[in-house]
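Take a look at the structure below.
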Amino acid sequence: MEDKEENVKFNCSINEKQDENENKNIHEKNLTDLERLGKYQLIVYIVISFPLILSAGFALGYVFTSGEVAYRCVVPECDEAVPIFNTTWSKYSSPAQGNLGSCEYFTVKKADGAVKKSECTLESFTNKTARCNNWVYDPHEKTILSEWDITCNENRWKLTLVGTINNLGQLVGLMFAGYLSDRYGRRTLLVSQTFFSGIVGIVQSFSVNYFMFIIFEFMQSVTSAGIYSTGFILILEIAGEKRRVLSGTIMCCVYALGEMLLGLTAMGLKSWRNIIRVFFAPGLLAIFLPLIIPESIRWLVAKKKYSKVEDIYKKIAKVNGLNWNSIEMSVYRQLNSDNPQEKKSEPIKKSSSVLEALSRPKLLIRLLGCCFCWLTNTFVYYGLSLNSVAFAGDKYVNFILVSFVEIPAYFLSWVLIDYVGRKRTLSGSFLLSGLFCLCIQFVPKDSWSYAPIILYMSGKGCITMAFAAVYVYTAEMFPTTARHFLLSICSMTGRIGSILAPQTRLLAVIIESLPLILFGSMGLTAGIISLIFPETLGCKLPDTIEEAENIGRKSDKKTVRIK
């Protein structure tokens with residue numbers, strides 16, 4: 001009798017497994033059909049680009065809001081009651097070799113008669129200096145420096161602290177973004193973060209002192225930390241396998257466009273309050289995004305929310321003019337009715353999936369390798385930007401051009417990772433970037449040559465390519481139930497690199513070439529470490545931990561590649 005019951009249970013288990021596999025195959029077929037580029041996908045891509053563009057301004061706005069402004073000391077004997085920045089004598093008043101921005105000025109000679117205001121000349125000044133009590137600023141630009149008199153070298157840390165606080169805030173925000181996205185959904189987090197960032201940013205634009213400004217700088221960076229990664233994940237999970245890399249590349253270019261738009265906005269306004277308002281106010285419109293952007297179907301299926309999957313399928317089919325037969329749609333209705341309690345227990349089950357993924361040695365080693373690659377990527381990328389030779393000309397134009405350079409690098413990365421493979425592209429980009437940085441040391445400095453500049457920009461281009469590849473590659477190596485959380489860990493580790501990168505300028509004081517040696521060494525190391533990763537070209541996104549562990553195997557590619 002017991003044997004008979006065991007046989008019945010065994011047969012039921014087999015039937016349930018067969019039904020599960022059949023339903024999964026139908027689901028994958030539905031995804032393949034729905035992921036074909038259509039009107040609906042184009043609309044969603046365009047709308048998701050909106051918060052990604054804003055996120056560039058949220059993350060890099062401090063470059064202009066806390067930027068340098070030309071200023072000089074007010075010379076009481078020469079300046080009028082309302083000082084004018086540009087005068088005929090101002091270049092003679094500064095002891096810093098005639099440069100403006102000094103916190104000392106040459107005193108005026110005491111003559112029998114008082115010196116007429118605005119009639120000072122070179123002969124009017126002595127060789128003795130006096131400390132500034134007041135400053136006059138370039139009227140064409142306004143940052144927090146001129147707003148709250150953050151002048152002189154002893155106060156320079158207040159300006160650089162803004163960038164550090166911004167990156168620290170993003171580091172804190174990323175600690176929660178991944179979990180919230182995997183728990184409550186990609187769309188929910190994308191909308192809420194963009195909306196609340198808009199509110200915090202607008203309040204920041206009304207700051208009355210430096211302390212208030214820095215507090216809200218931290219708050220807005222915390223709330224906006226996961227916008228880009230959330231939108232990126234959502235795009236990857238909407239895009240088909242054949243367009244996954246292209247979609248990721250386009251999102252990188254969208255971010256670069258956001259950087260360019262930030263430069264154009266700053267160039268046109270040149271007022272820190274208005275720059276913040278122009279970029280953050282549109283974030284309030286994010287409350288309307290759910291009307292257009294769907295939740296990730298893969299996330300909904302992983303959470304067993306089948307009724308919502310069916311609703312999205314119907315909407316996509318209607319917009320794209322597709323027809324669905326009753327069998328394909330009935331799968332989700334059946335799953336939804338068969339698992340009424342599963343949705344309630346799912347948050348607890350899925351919360352433990354992250355710990356389960358980290359308990360697998362293969363995935364843990366993969367995660368540690370990804371973290372080092374992200375750290376190297378941000379450290380070298382921002383380090384090369386900060387240590388590059390200052391180009392002559394307008395700083396706004398320079399910022400726009402540097403942002404524009406990223407676009408061809410991203411598209412070259414797209415071509416390579418789609419035809420050469422993810423592993424070779426990522427590893428090759430790191431290795432070449434490291435080699436270019438190290439080779440600069442061997443270029444003769446006693447002769448005029450464009451070689452150092454070419455090598456430097458080549459290194460920057462290669463690390464930009466690695467940036468595009470590492471985002472797509474990391475997302476493809478981990479399961480749906482823990483993908484955003486693990487991606488956020490990598491991104492959070494990378495944020496440490498962006499925090500440390502500004503400090504590399506201090507290394508040049510010890511040895512001039514030390515920063516480039518460090519960049520090159522880390523690039524080579526990351527290039528070697530990335531060789532341990534599995535190749536994900538031609539593989540579908542893994543939904544389970546087992547699929548993630550087996551990804552990249554030859555048998556896996558043969559069975560899951562979507563044609």
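The values are calculated or read from the model by the stated rules, or taken from the named source; none is laboratory data. Note that the structure is predicted; figures quoted are calculated from it, not measured. Neighbour counts run over all protein chains shown; Cβ positions are idealised from the backbone, glycine included.
I need the helices (runs of 4 or more DSSP H) fully contained in region 1-99, keeping only those with at least 2 residues that are modelled with pLDDT of 55 or more, farther than 30 Å from Leu291 by Cα and of a type in the set (Lys, Arg).
Because the criterion is at least 2 residues that are modelled with pLDDT of 55 or more, farther than 30 Å from Leu291 by Cα and of a type in the set (Lys, Arg), no helices (runs of 4 or more DSSP H) in region 1-99 meet it.
Would you say Asn325 is at pLDDT 70 or above, outside the structural domain of Ile46 (by TED's automatic domain parsing) and surrounded by fewer than 18 Cβ atoms within 10 Å (Cβ to Cβ)?
Numbers: at pLDDT 70 or above: no; outside the structural domain of Ile46 (by TED's automatic domain parsing): yes; surrounded by fewer than 18 Cβ atoms within 10 Å (Cβ to Cβ): yes.
So Asn325 does not fit the description; no.
Counting only residues that are among the small types (Gly, Ala, Ser) and at pLDDT 80 or above, which one in region 515-547 is surrounded by the fewest Cβ atoms within 10 Å (Cβ to Cβ)?
Top of the filtered list is Ser521.
Here are the criteria: (1) on the phi > 0 side of the Ramachandran plot; (2) assigned to a helix (DSSP H, G or I). Tell me which single one Ile489 does not satisfy.
Of the numbered conditions (1) on the phi > 0 side of the Ramachandran plot; (2) assigned to a helix (DSSP H, G or I), the odd one out for Ile489 is (1).
So if I check each of Met457, Met477, which one is more than 14 Å from the chain's Cα centre (by Cα), touching a residue at least 24 places away in the same chain (Cβ under 8 Å), assigned by TED's automatic domain parsing to the domain that holds Ala526 and closer than 19 Å to Thr249 by Cα? Walk me through it before giving the result.
Details: Met457 fails: closer than 19 Å to Thr249 by Cα.
Just one listed residue meets the conditions, Met477.
On the basis of being surrounded by fewer than 24 Cβ atoms within 10 Å (Cβ to Cβ), of a type in the set (A, V, I, L, M, F, W, C) and assigned to a helix (DSSP H, G or I), does Met251 make the cut?
When the stated conditions are applied, Met251 does not pass them.
Every residue in region 404-419 that is of a type in the set (D, E, K, R) and more than 13 Å from Phe467 (Cα to Cα), please.
The answer is Asp418, and nothing else.
Please specify each residue of region 191-211 satisfying the condition of being over 19 Å from Leu180 (Cα atoms) and among the β-branched types (Val, Ile, Thr).
Ile199, Val200, Ile202, Val203, Val208
Answer yes if at least one residue in region 171-185 is under 16 Å from Trp272 (Cβ atoms) and touching a helix residue (DSSP H, G or I) at 6+ places or on another chain (Cβ under 9 Å), and no otherwise.
no
Residue-wise test of (1) surrounded by fewer than 20 Cβ atoms within 10 Å (Cβ to Cβ); (2) farther than 19 Å from Gly67 by Cβ; (3) outside the structural domain of Val47 (by TED's automatic domain parsing).
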residue: Ile202; (1), (2), (3): yes, yes, no
residue: Asn209; (1), (2), (3): yes, no, no
residue: Ala225; (1), (2), (3): no, yes, no
residue: Tyr255; (1), (2), (3): no, yes, no
residue: Ala266; (1), (2), (3): no, no, no
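Only one of Thr265, Thr194, Thr188, Thr223 is β-branched (Val, Ile, Thr), more than 30 Å from Lys305 (Cβ to Cβ) and part of a helix (DSSP H, G or I); which?
Of Thr265, Thr194, Thr188, Thr223, the one residue that is β-branched (Val, Ile, Thr), more than 30 Å from Lys305 (Cβ to Cβ) and part of a helix (DSSP H, G or I) is Thr265.
For region 268-300: of the residues being β-branched (Val, Ile, Thr), closer than 22 Å to Arg186 by Cα and surrounded by 19 or more Cβ atoms within 10 Å (Cβ to Cβ), which is nearest to the chain's Cα centre (by Cα)?
Residue satisfying both the conditions and the ranking: Ile293.
Can you find, within region 351-410, the residue that is modelled with the highest pLDDT among those that are surrounded by 14 or more Cβ atoms within 10 Å (Cβ to Cβ) and among the acidic types (Asp, Glu)?
Residue satisfying both the conditions and the ranking: Glu406.
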